[in-house]
Amino acid sequence: MIELQKGHTDLATDIQKRSGINFNACLHCRTCSNACPFVAGMDYLPNVLLRMVQMGMEEQALESSTIWVCVGCNTCCSFCPMAIDIPAVMDGLREKALAKGVKIGEPDILSFHNEVLKTVEKYGRTHKLEIMMRYKLKKRDFLSDMGVGLKMLKKRKLDLTPSKIKDKQALVKIFKHNSKT
Ligand code: SF4
Ligand code: SF4
C-alpha cells in the first residue's frame, strides 16, 4: 500500500511554487523516462521522482542523483502528453536541496556547475578551459580526460583566453540579485 509521508503537501507545494509547474497533472505514463537519454545515471526515473515529490518523500527526492544528472535538455517535456516542464521541477528540487543543506547526490556535478557559474560571473560567458582546469584542480584529478582535452584543443574547441562581455555592471547586478533570492 502506498503511504503518503507526513508533510507531503508541503514539499509538493514548495516545489510547485519554486518551479511554477503544476505537476499534479502527471498521468504517470512514464513517457518522460522512456525518452530521457540520461536515465542510466539516475537513481530514480524522472516520473518516479515526480511521484516522490507528490508523496512528500523529501529526503529521498532532495538527496537523489536524478536532480543533478538531469541536464535540462527538455527531451522529456517535448514527449510529455501533459507538457509538464520536468527540468523546471528539477531546478526547484536542486534549489531546495542547496537551501536545506542536504547531502548532495552528485557532489562532482554540483562542483562542476559552480565552476561554470564562476566563469560566467567573471566574463559573462563560459570559458571551458578554465572551468576544466579549476574543476580538475579541485578534484586533484589531472590525468583522466587528458586525451579528450588535447583533442578539443587540437580542434580549437577550447579557447586559451576567455572572451568577455562589455557590460560587466549588468553581471554584477544579476549575481547580486541571485545571491539575495
Ligand atoms: S510524460 Fe508527462 S504525464 Fe507522463 S509520466 Fe512523464 S511527466 Fe507524467
Ligand atoms: S530534461 Fe532532464 S529528465 Fe528531461 S530528458 Fe533531459 S535529462 Fe532527462
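Read-outs: derived from the displayed coordinates by stated rules, not from any lab. As the structure is a prediction and not an experimental result, all values here were calculated from the model. Every residue, glycine as well, gets a Cβ built from its backbone with ideal geometry; the counts of neighbours run over all protein chains shown.
Rg of the Cα atoms in the chain, relative to 2.2 N^0.38 Å, amounts to 1.18. Over the chain, what is the mean sequence separation of C-alpha contacts under 8 Å (at least six apart), divided by residue count, expressed as relative contact order in percent? Here the relative contact order equals 19 percent. Here region 38-98 is described by how far its Cα atoms reach on the three principal axes: 28, 22, 19 Å, from widest to narrowest.
About its Cα centre, the chain has a charge dipole of approximately 1180 debye under the convention of +1 per Lys or Arg Cβ and -1 per Asp or Glu Cβ, with nothing else charged.
Relative contact order of region 107-180: 36 percent, from C-alpha pairs under 8 Å at least 6 residues apart in sequence. Taking a Cβ cut-off of under 12 Å around residue 172, the surrounding Lys, Arg, Asp and Glu residues balance to a net charge of +2, with basic ones at +1 and acidic ones at -1.
For residue 17, a cut-off of 28 angstrom between C-alpha atoms picks up these lysines, skipping any fewer than 8 places away in its own chain: 6, 96, 100, 103, 118, 173, 176, 180.
Of the chymotrypsin sites (Phe, Trp or Tyr not before Pro) found in region 1-94, those that fall in a DSSP loop while having at most 15 other beta-carbon atoms within 10 Å are 38.
Looking only at Cβ-Cβ distances, which cysteines of the chain have no other cysteine closer than 4.7 Å? Cys with no partner Cβ under 4.7 Å: 26, 29, 36, 70, 73, 77, 80.
The region of the chain that goes longest without hitting one of the trypsin sites (Lys or Arg not before Pro) in a DSSP loop, each with at most 10 other Cβ atoms within 10 Å, is 7-102. Cross-link partners of residue 155 among lysines, defined as those whose alpha carbon lies under 16 angstrom from its own and excluding same-chain residues fewer than eight positions apart: 128.
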